[in-house]
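Here the structure comes first, spelled out in structure tokens, and everything after it is commentary.
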Amino acid sequence: MNEPEKDLIDTEDNNNEVYKSERLGDFYLEIQDDNRDRNLLKAIESYRKALTMISATDEPVRYSRILNNIGTAYKQLNQEDKISNLLKSIDHFLLAMAIREKTNDKEGLCMTMSNLAAVYIDLNLLGGKKYLNRAIDLLKTSLKYRSRKDDPEGYCITCKNLGIAYYHFHRGNRKQNLQKSIDYFHKSLKFAPENIGSIEIADRMKNIAAAWFEMPGDEKKKNLERSVEWFTNALSYMEGNVEEIEYAKTKFNLAIAMINLAEIKNETPNSDVEKHLEYAEEKLGKDAKYKKIVKGAFLKLNKLRSVN
């Protein structure tokens, strides 16, 4: 047993084996380091041990909380088969939901619904298109129980997840789906708690920018201007707060939006575009995918300059 584990366990009743296993699971679930997958597996092992010592009938709140946390651990686990991990996550979230519905634990139910919806969104990104409808239905139901006044953080996180879901929803009217995505992201910013971090703000701004960039219709110029504005705003919150790779990706996306806008306006892109692309090339050049698309962006930039 390493020192962090021993320190954690020694802080409470050493005779309570359930408590020790549960808290140890919490400990490993919260560690963010290079051994993330190993820690997640340890969290799952500790939580499972705790479940063997209690029952859902006698301790439904505790039992459902542990199931929820196992689901969270599997969602974040990247080791081996990611889809298999996500399906295990779903199984545990559904079990937690069933208990919380039975005990009328609305707060816990909303949390698990949001967590389950996030898994469905991940599966959609991995090719499971059928899951996105389920995610949207769960998030809308969860939002009904979450008050902006009583649970501002939960309300805003649910709005953010609905924004993500609608952004990736390609069935039906794409323009309407993107507008819903933007509206929910705006709500997640407008009603965010005062202690929201700069990275969270920037993340939501980037999503709004991306939605405006993809918005179809006749107002492409106006939509691209909005995209440029929101990517620029996002960068102001990201500077000094995120890793250089993420900062570079946003600079690249801003450059692409600016190039497309200049093309529509029949103008020569300003010097900032080249600076953004040079930064992206420097920071992302080792990634074969980005190396190719950055090169393509430079070619388009030079073509626009030669024409205008």
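The values are calculated or read from the model by the stated rules, or taken from the named source; none is laboratory data. These numbers come from a predicted model, not from an experiment. Neighbour counts run over all protein chains shown; Cβ positions are idealised from the backbone, glycine included.
When the residues of the range 224-252 are filtered to those that are of a type in the set (S, T, N, Q) and buried (at least 21 other Cβ atoms within 10 Å of the Cβ), the one that is farthest from residue 296 (Cα to Cα) is 227.
Of all the numbered requirements in (1) modelled with pLDDT of 95 or more; (2) closer than 29 Å to residue 155 by Cβ; (3) surrounded by 19 or more Cβ atoms within 10 Å (Cβ to Cβ), residue 50 misses one, and that requirement is (2).
Give the number of residues within the range 145-202 that are more than 16 Å from residue 132 (Cβ to Cβ), among the small types (Gly, Ala, Ser) and in a loop (DSSP other than H, G, I, E, B). Even if it seems obvious, please write down each step before you answer.
First pass over the range 145-202, keeping only residues more than 16 Å from residue 132 (Cβ to Cβ): 145-157, 159, 175, 179, 182-183, 185-202.
Next, only the ones that are among the small types (Gly, Ala, Ser) stay: 147, 154, 188, 192, 197-198, 202.
Remaining after also requiring in a loop (DSSP other than H, G, I, E, B): 147, 192, 197.
Going through the range 145-202 one residue at a time, the tally reaches 3.
Taking the criterion of being within 15 Å of residue 103 (Cα to Cα), in a helix (DSSP H, G or I) and either in contact with a strand residue (DSSP E or B) (Cβ under 9 Å, 6 or more places away or on another chain) or without any contact (Cβ under 8 Å) to a residue 40 or more places away in the chain (or both), the only residue of the range 27-66 that qualifies is 63.
Only a single criterion out of (1) among the small types (Gly, Ala, Ser); (2) buried (at least 23 other Cβ atoms within 10 Å of the Cβ); (3) under 24 Å from residue 140 (Cα atoms) is not satisfied by residue 127, namely (2).
Annotation: of all residues in the range 231-282 being under 17 Å from residue 205 (Cβ atoms) and of a type in the set (Gly, Ala, Ser), the one that is modelled with the lowest pLDDT is 240. Right, residue 228: among the hydrophobic types (A, V, I, L, M, F, W, C), in a helix (DSSP H, G or I) and within 29 Å of residue 165 (Cβ to Cβ) or not? Taking the combined requirement at face value, the residue satisfies it. Within the range 238-294, which residues are under 18 Å from residue 306 (Cα atoms), in contact (Cβ under 8 Å) with a residue 24 or more places away in the chain and not in a helix (DSSP H, G or I)? Hits for the range 238-294 are 265, 266, 267, 268, 269.
Yes or no, residue by residue, for (1) within 24 Å of residue 123 (Cα to Cα); (2) in contact (Cβ under 8 Å) with a residue 60 or more places away in the chain; (3) buried (at least 22 other Cβ atoms within 10 Å of the Cβ):
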site	(1), (2), (3)
141	yes, no, no
145	no, no, no
154	yes, no, no
161	yes, no, yes
168	yes, no, no
177	yes, no, no
184	yes, no, yes
198	no, no, no
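Under the condition of being more than 22 Å from residue 55 (Cα to Cα) and either surrounded by fewer than 16 Cβ atoms within 10 Å (Cβ to Cβ) or outside the structural domain of residue 63 (by TED's automatic domain parsing) (or both), the residues counted in the range 15-31 number 2. Which one of the conditions (1) exposed (fewer than 14 other Cβ atoms within 10 Å of the Cβ); (2) under 23 Å from residue 168 (Cα atoms); (3) of a type outside the set (A, V, I, L, M) does residue 89 fail to meet, given that it meets all the rest? Status for residue 89: all satisfied but (1).
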